[in-house]
1. Expressed as cubic angstrom per residue, what is the convex hull volume of the alpha carbon set of the chain?
2. On a full-extension model of 0.36 nm per residue, what is the gain between ASP253 and ARG313, subtracting their alpha-carbon distance, rounded to one decimal in nm?
3. Probe of 1.4 angstrom, ligands and nucleic acids ignored: what's the accessible area per residue over the stretch 244-360, in square angstrom?
4. Run the helix sum for the chain: -39,500 (n - 2.57) per DSSP H stretch of 4+ residues, divided by residue count, reported at 222 nm to the nearest 500 deg cm²/dmol.
5. Obtain the nm distance between the two label points defined at GLU232 and ALA202 by a simple spin-label model: each point lies 7 Å from its Cα along the Cα-to-C-beta direction.
6. I need the P(r) histogram for the stretch 116-172: all alpha carbon pairs, bin width 10 Å from 0 out to the longest distance, whole percents.
7. Mean Kyte-Doolittle hydropathy of -0.5 or higher plus an axial Cα length of 20 Å or more: which whole DSSP H helices in the chain meet both?
8. Can you check how the C-alpha radius of gyration of the stretch 197-347 compares to 2.2 N^0.38 Å, as a plain ratio?
Amino acid sequence: MTIDRRSMIALGLGSVFLGGARGSMSPAAGRRLSIDANLMPPIEGPGRLSPRAVAILRGARLTALRVNVDGDGTAASTVEAIDVVSAAVGANAGLLRHVRTIADIEACRRDGRVGFIFGFEQTGQFGGQVDAITRYAAQGVRIMQLSYNQGSPFGSGVLSAAPTGLTASGREAVARMNAGGVTIDLSHSDERTTLDVLAVTAAPAAITHAGCAAITPHPRNKSDAVLRAIAEGGGAVGLYELPFLAQPPKQPDIDDYLAHVLHALRICGEDHIAIGSDAMMAPFDTSPANMRGYLALVAKRRAQGIGAPGEDRPPFVTGLNRPDRVEVVAHALGRRGVPARVVDKIAGGNWLRVFRDTWA
């Protein structure tokens, strides 16, 4: 069984790793369009959220976020994950909304609710069958990957020992995703597969959460050639908050994060850079007890061959380990002289455009 820390925590199954909210929360005011393309909300089960979870969700000041619903990467756990998150949205309808269309995002911006964009990071739930893509798309899954670190029947991943590139099944999967109104996510695909996908897709593709290899070499960080190709295809790149933004043993800070954002901005241009934190919405707890549990999970991932180098550092950027991280980034970019119109694109406008182009 694949153990995936992102899916576990997104469902509240890994709550031992969720730290308590620290410091003051920003009020849910000033409705900037704000979209994070990979974030783990504090969903505690299918029922009503606790006051703490509500405070975290409101404090994030997000219009919408991508929530992974692929469980542990099996079909059964994916069905369960979709059911649990769907039930949580229904039980908290005054706060949450399942995003299936661009109109849903626009409604969230108007009424102050937080939109959940259902997505997949893994591929095991497909069972290698492209028909499954169509079924999941019909259930409202709007973002899907073709590989997760290691290879899949569709293509190779960033940790694949022998890259295959996009396979024949992968080309059919791309066509199904295009036809089903699904955003193709290449965050965990290797360079060969990524470029193969960009050569055949009928719609823009995205890298929802990654860093820049030119700033910090790492398998999960993308070359300038890949960044440029995503932009030339009309897609966007979301910058993540994983420790891979800095060389070990350093825990990356907001200056490291901004270095990656500004580099990607130079390579891709202002219409193709966005945010995909790949973090927990709640602050990550670095207490000794939580770190022991987290490192045990990292060890399991490493044994399965899906753990990337450097995962033993906590999955956050110092200065962004808080719910309103997108607003913090926006203000930091403004202080660096990035024009307000560009900041607004990075904070959410570029994702809205990519989703409009891929969900139609």
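The values are calculated or read from the model by the stated rules, or taken from the named source; none is laboratory data. Values in this document were obtained by computation on a predicted structure and should not be read as measured data. For neighbour counting, all protein chains shown are included, and Cβ atoms are generated from backbone atoms with ideal geometry for every residue, glycine included. Just the protein is used for accessible areas: all its heavy atoms, side chains included, with ligands, DNA and RNA removed. Shrake-Rupley method; radii C 1.70, N 1.55, O 1.52, S 1.80 Å.
1. Numbers: hull volume 41.6 nm³, N = 360.
Cα-based convex hull of the chain, divided per residue, equals 116 Å³.
2. Result for the pair: 20.3 nm of gain on full extension.
3. Details: 4380 Å² over 117 residues.
Solvent-accessible surface per residue comes out at 37 Å².
4. -11500 deg cm²/dmol
5. 2.3
6. Once binned at 10 Å, the Cα pair distances of the stretch 116-172 give 25, 53, 20, 2.
7. Details: long enough: 75-91 (24 Å, 1.32); 254-268 (21 Å, 0.77); 288-304 (24 Å, -0.40).
Long hydrophobic helices here: 75-91, 254-268, 288-304.
8. The value comes to 1.07.
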